[in-house]
Amino acid sequence: MAVKIRLRQVGKRHQRSYWLVAIDSRAKREGRFIEKLGYYNPNFKPPKLKIDQERFNYWLSVGAQPSETVKKLTLLSS
């Protein structure tokens, strides 16, 4: 099973926020996920981003691949 770390949409239309989740790469965007790792809310100024670094690093160590968007967000938060 290939695991990816990607964003999952939540919230109402025009008020989207996102969860960072570890998910099977074959699952749909809003499909069943393995673990919630944090959240990203672009509706605030500045946008809010919270990541559980311990669990995020664990998933990276076992071979999970972050999506391009998640890579950009984690670089900005560092």
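Output the number of the condition that F33 fails; it satisfies all remaining conditions of (1) surrounded by 14 or more Cβ atoms within 10 Å (Cβ to Cβ); (2) under 15 Å from T69 (Cβ atoms).
Among (1) surrounded by 14 or more Cβ atoms within 10 Å (Cβ to Cβ); (2) under 15 Å from T69 (Cβ atoms), the lone unmet condition for F33 is (2).
Is one or more of the residues making up region 56-78 modelled with pLDDT of 90 or more and touching a helix residue (DSSP H, G or I) at 6+ places or on another chain (Cβ under 6 Å)?
Checked against the condition, which is being modelled with pLDDT of 90 or more and touching a helix residue (DSSP H, G or I) at 6+ places or on another chain (Cβ under 6 Å), region 56-78 yields no hits at all.
Any idea which of (1) free of Cβ contacts under 8 Å to residues at least 40 places away in the same chain; (2) surrounded by fewer than 18 Cβ atoms within 10 Å (Cβ to Cβ) is the one G38 doesn't satisfy?
(2)
Looking only at region 1-14, which residues are more than 22 Å from S77 (Cα to Cα) and loosely packed, with under 14 Cβ neighbours inside 10 Å?
M1, A2, G11, K12, R13, H14
In contact (Cβ under 8 Å) with a residue 12 or more places away in the chain and either out of contact with any Gly (no Cβ under 8 Å at 6 or more places or on another chain) or exposed (fewer than 10 other Cβ atoms within 10 Å of the Cβ) (or both): which single residue out of L75, L20, L49, L60 fits that description?
Going through L75, L20, L49, L60 in turn, just one is in contact (Cβ under 8 Å) with a residue 12 or more places away in the chain and either out of contact with any Gly (no Cβ under 8 Å at 6 or more places or on another chain) or exposed (fewer than 10 other Cβ atoms within 10 Å of the Cβ) (or both): L60.
The values are calculated or read from the model by the stated rules, or taken from the named source; none is laboratory data. Bear in mind the structure is a predicted one, so any value in this text is a computation, not a measurement. Quick reminder, even Gly has a Cβ in these numbers, built from the backbone with ideal geometry, and neighbours come from all protein chains shown.
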